[in-house]
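A.B. asks: Provided herewith is a single structure, encoded as C-alpha cells, for subsequent inquiry.
All of the numbers you see were taken from the coordinates with simple rules; none came from a lab. Predicted model only: the values in this text are computed from it and were never measured. We place every Cβ from the backbone using ideal geometry, glycine too, and count neighbours over all the protein chains shown.
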Amino acid sequence: MTHSFIDHALLSRLASMPIESRVPMSGNVAGKHRSTHRGSSVEFAEYRKYVAGDDTRRLDWKAFARSDRYYIKEFEADSNLRAYLVVDASGSMNFAAAGEAKIQYARRIAASLAYLLVHQGDATGLSVSSENQHLEVPPSRRAADLERLFAALETIDATGETSLPTSLHALAEKIGRRALVIILSDLFTDPAALGDALQHLRYRKHDIAVFHLMDPQEISFEFDRPHRFVDMEDGSSLIAEPSLIANEYKDALQDFLRTIRAKCHDAAADYQLVTTDKPLEPLLREFLTARLPKSKH
C-alpha cells in the first residue's frame, strides 16, 4: 500500500484503539459490538421470566431465592460492525488555502478509518458521489479488499455540484441492516435537505458520524485585497472587497454552522467541525476515544 494518503506510522500507533458503535448492531457473524439480538456474551442485559424450553443453565438461582420465581439472565449478543464511508466529491472539496485540499484530507480520514475497521474485523465499504461521479465499493472485512477501497479513493475527481443528500437517501434505502455511516464533507448543501437525509438514516437506526471539513480561510475569511470569488461547483464568480463583506460573511457562516449542528443533533449524529490544517492523529484519537463506552474511559 503506497498511496499518498496512508500514514503507516500513524496507523501503527492507532491500531490498538477500537472503533466502537454507539448503537447495537445486527451482523451475521460473531464480533465485538453489541447486537440487536440476545446472545451469550459476558455483558448482562436484563432478566425475564423462565418459560418451558429455556436453557436451565441460565437460571438465576439468587433471584429464585429472593422471589421464589424462576428468572432467566439475558445478555447482549456480540456482532460485527458494518461501516460505510461516504465521501463528498463535489467541486468545493477541491478548495485549499490555509490547509490541504478538503478532498485529500477526506481521503486520509477515510483510508485511516477503513484500515482500522478492517484491522478489527469489521466490514467496511465506500460511497463517493457528486453530480459527475458515483463510485461504490461494497463492504468487506477481507484485508485483500482493502486495497480495492484505497484504489477507489485514489481515483476520486472532485468536480460538479454536490449530491450528498440524494446519496444519503439512497444509502439509507440500500443498507439492509444497522451500520455505522461516516460522512466526510464540507456540507455545502441545503441544510433542510441534509437534515431530511440524516433523519432517514436515523429512522433506519444507523449510527451516524459527520466530519464537517472546512479550510481555515473559509472560517477566518482573511484577505488583504479585492478578490474574485469562484464557486467551485457551478463555476460562477464575483469580484468583491473582502473588508466590506467580512462581517456579513461571518454572520452568515455562523448561522449556517448553527443550523448544520442542529440538524446533526436532531438526527443523533456524532458531529465534528474540522479544519483541514488540524493534524490527523489527535483528530482520530478524539473521535475514537469519544465513542468508547463510559466504563472504558
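A.B. asks: May I ask you to compute the full-extension gain from L11 to K278, defined as 0.36 nm times their residue separation minus their alpha-carbon distance, rounded to one decimal in nm?
C.D. replies: Once the chain is fully extended between L11 and K278, it gains 94.4 nm.
A.B. asks: Between D196 and S67, what FRET efficiency follows from the Cβ-Cβ distance if R0 is 45 Å, with the result rounded to 0.05? Each step should come with its number before you reach the end.
C.D. replies: On the way: r = 49 Å, r/R0 = 1.08.
Once the sixth-power term is evaluated, E becomes 0.40.
A.B. asks: Can you figure out the FRET efficiency of A144 with H265, using R₀ = 45 Å and their beta-carbon distance, to the nearest 0.05?
C.D. replies: Details: r = 39 Å, r/R0 = 0.86.
Approximately 0.70, to the nearest 0.05.
A.B. asks: Oh, and also: Around A209, which amide H atoms from residues at least 5 apart in sequence, or from another chain, sit under 5 Å from its own amide H, with H modelled in the peptide plane?
C.D. replies: Excluding prolines and chain starts, which carry no amide H, the hits are V181, I182, I183, D270.
A.B. asks: If you rank K278, K102 by fewest surrounding Cβ atoms within 10 Å, what's the result? Don't jump to the answer; show the numbers that get you there.
C.D. replies: Values: K278 14, K102 26.
Least to most surrounded, the residues fall as K278, K102.
A.B. asks: Quick check on the exposure proxy: order T2, T166, T124, T275 from fewest to most C-beta atoms within 10 angstrom. Working shown, then result.
C.D. replies: Numbers: T2 6, T166 15, T124 29, T275 19.
The order, fewest Cβ neighbours first, is T2, T166, T275, T124.
A.B. asks: Return I109, I6, I239 ranked ascending by Cβ neighbour count within 10 Å, so the fewest neighbours appear first.
C.D. replies: Values: I109 21, I6 17, I239 8.
In increasing order of surrounding Cβ atoms, one gets I239, I6, I109.
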